[in-house]
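For reference, the structure discussed in these notes is given below.
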Amino acid sequence: MAWRSQLGKTALASAAVLLTMTVGACSRPATQSTADTAGSGPVRIAVGIDASYAPFFVADKKGLFKDAGLNVQLVQFGRGGEAVDALATGQVQIAGSSDTTTIQQLQQNPSLRAMYAYEASGRYIKVVLRNGVESAAEVKTMGIVPGLSQISTNKYLEANGVSPDSVKMVTATPNDMPALLGRGDIDGYVMWEPWPAAALSQGTGHVVARTGDFDWFYHHWAITTQPWLSANDATARKVAQVLDKATQLVESDPKLAATATESAVNVAQDQTVTAVDEIDFAVENLAPGDIDAAQSVVDFYRKIGVMTVQPDLKSTMLVDWYKKSAQ
C-alpha cells in the first residue's frame, strides 16, 4: 500500500480515541478476573468512539466474532492512554491504539505488544484553526491531547516554520476542543474526526490542512500484552483474521460501516462514509521499516521529556506476526 512507503519517510503515527464504557451499556470496564487472565472469560477489546474503529463495529454487528467461535466484548475509552492502562490491569485484553500512545506507555508497561496494523491515513486527522486565524504563523495557543494530537501539532508547526516552544499548549480531552476553540481559549487543534467536523458545524473554526499535507501519516495498531498473548496466541490470531475480513467489508461497503458505527457510537452515517474515503483500512504486518519510523516517535518523546529510557521496539513490534498466522 502507498502509506507503507510514506511511513518509511516519517514517524509512524496513529490515532486511538477511546471512552470508558462497555458498548451498549453505561458502566465502566469490568475489573480483571482470574478467569479472564487464564483466557476462559470474554475477550474485551478496547475501541474508540469515532469512525476509524468501523471494522470492529462491523465485525460485531455482522456476528463475525461469534462465527469465528469468539466471545468478544467491545469496550470504549475516551483517551488512548486509558485503554493502554486497561491492558496493563487486565480490564481489556486487546486494544486498537495509536503507535504514539503505545510507545509513550512502554516506559510504564514494557510488556505491550503491537501485533499488526489495521489502518493508516494522511487525510483523516485535520488541522483546525479558529475563525480569524488563517495560518500557523498567527497561532499563539493550541489545544492538544497527549500522544498523537500532540506530536501531530508539533509536526504541523515545524512544517510551517513555527517553533512549538513559541506556542502555548493547552492539554484537554477531545470533547473539550470545540468549546475551547469557540471561546477563543485556543487558536486551534490537530485532531481526528469527529472533532474537526464539530468545529465546522458550530461555525467556530475551519480546516486549513490535513497531516498528509506536511508528510505525516497516522497508523492504528492492534496491541496486547505479552503475558496474555503467550497464553492466548490462537485466540489473538482468530481476532486478527476476523478484523481482516471486517476491514475488507468496510472498504467494499461504506454504507454497512456507517450503519454499524452509528449503531455502536452514534456517529452520523455521512461522517463514517467520508472517513472510509479518507482512511486506508487493511490488516497489514508490521515491517522492519516501521520500527525505524517508530524510533522517531521515541526521539520526540525523549526530546520533550515524556520518556527517559529507550524502549525495546524490536520486542514491542511483532514484525510479520499476522502473515504467519494467516498461512
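If you check every pair at least six apart or on different chains, which have Cβ atoms under 9 Å apart with a residue in region 257-271 that is on the phi > 0 side of the Ramachandran plot first and a residue that is not in a helix (DSSP H, G or I) second?
Once the first residue is on the phi > 0 side of the Ramachandran plot and sits in region 257-271, its partners that are not in a helix (DSSP H, G or I) give Asn266/Ile49.
Would you confirm whether any residue within region 222-232 is in a helix (DSSP H, G or I), aliphatic (A, V, I, L, M), modelled with pLDDT of 95 or more and in the same structural domain as Gly41 (by TED's automatic domain parsing)?
Among the residues of region 222-232, at least one is in a helix (DSSP H, G or I), aliphatic (A, V, I, L, M), modelled with pLDDT of 95 or more and in the same structural domain as Gly41 (by TED's automatic domain parsing), which makes the answer yes.
What do you reckon, is Gln104 polar (S, T, N, Q) and modelled with pLDDT of 90 or more?
So Gln104 fails the test.
Looking only at region 140-173, count how many residues are closer than 15 Å to Ile186 by Cβ, touching a strand residue (DSSP E or B) at 6+ places or on another chain (Cβ under 6 Å) and not hydroxyl-bearing (Ser, Thr, Tyr).
9
Here is a check on your reading of the model: is Tyr322 in a helix (DSSP H, G or I), among the hydroxyl-bearing types (Ser, Thr, Tyr), within 22 Å of Gly96 (Cβ to Cβ) and touching a strand residue (DSSP E or B) at 6+ places or on another chain (Cβ under 9 Å)?
Answer is yes for this residue.
One residue is enough: does region 68-83 have a residue meeting the conditions touching a Phe, Trp or Tyr at 6+ places or on another chain (Cβ under 6 Å), within 18 Å of His219 (Cα to Cα) and at pLDDT 75 or above?
Yes, region 68-83 has at least one match.
So which of Asp233, Asp280 is charged (D, E, K, R) and either buried (at least 16 other Cβ atoms within 10 Å of the Cβ) or under 19 Å from the mean Cα position of the chain (by Cα) (or both)?
On inspection, the qualifying residue turns out to be Asp280.
Among the numbered criteria (1) assigned to a helix (DSSP H, G or I); (2) of a type outside the set (S, T, N, Q); (3) crowded, with 20+ Cβ neighbours inside 10 Å, which single criterion is violated by Val75?
The number of the failed condition is (1).
Exactly one of (1) free of Cβ contacts under 8 Å to residues at least 40 places away in the same chain; (2) under 30 Å from Ala209 (Cα atoms) is unmet by Trp221. Its number?
With (1) free of Cβ contacts under 8 Å to residues at least 40 places away in the same chain; (2) under 30 Å from Ala209 (Cα atoms) applied to Trp221, the lone miss is (1).
Any idea which of (1) surrounded by 24 or more Cβ atoms within 10 Å (Cβ to Cβ); (2) in the same structural domain as Leu200 (by TED's automatic domain parsing) is the one Ala95 doesn't satisfy?
(2)
Residue under question is Ala268, and the condition is that it be more than 20 Å from the chain's Cα centre (by Cα) and either surrounded by fewer than 19 Cβ atoms within 10 Å (Cβ to Cβ) or not hydrophobic (A, V, I, L, M, F, W, C) (or both); does it hold?
no
Could you please find all residues in region 192-209 being surrounded by 18 or more Cβ atoms within 10 Å (Cβ to Cβ) and in a loop (DSSP other than H, G, I, E, B)?
Trp192, Glu193, Pro194, Thr204
Could you list, in sequence order, all residues of region 22-60 that are of a type in the set (Ser, Thr, Tyr) and either assigned to a loop (DSSP other than H, G, I, E, B) or at pLDDT below 85 (or both)?
The answer is Thr22, Ser27, Thr31, Ser33, Thr34, Thr37, Ser40.
Can you find, within region 120-135, the residue that is modelled with the highest pLDDT among those that are buried (at least 17 other Cβ atoms within 10 Å of the Cβ) and part of a loop (DSSP other than H, G, I, E, B)?
Residue satisfying both the conditions and the ranking: Val133.
Which count do you get for residues in region 210-220 that are outside any helix (DSSP H, G or I) and either modelled with pLDDT of 95 or more or surrounded by fewer than 19 Cβ atoms within 10 Å (Cβ to Cβ) (or both)?
2
Return yes or no: is Val309 outside the structural domain of Pro196 (by TED's automatic domain parsing) and part of a loop (DSSP other than H, G, I, E, B)?
When the stated conditions are applied, Val309 passes them.
Can you say whether Ser52 is touching a residue at least 40 places away in the same chain (Cβ under 8 Å) and either touching a helix residue (DSSP H, G or I) at 6+ places or on another chain (Cβ under 7 Å) or buried (at least 21 other Cβ atoms within 10 Å of the Cβ) (or both), as far as the supplied structure shows?
yes
Restricting to region 136-182, name every residue that is under 29 Å from Ala294 (Cβ atoms), of a type in the set (Gly, Ala, Ser) and surrounded by fewer than 21 Cβ atoms within 10 Å (Cβ to Cβ).
Hits for region 136-182 are Ala159, Gly161, Ser163, Ser166, Ala172.
The values are calculated or read from the model by the stated rules, or taken from the named source; none is laboratory data. Predicted model, so just to flag it, every value in this text is computed and none were measured. Don't worry about glycine lacking a Cβ; one is built from the backbone with ideal geometry, like all the others, and counts go over all protein chains shown.
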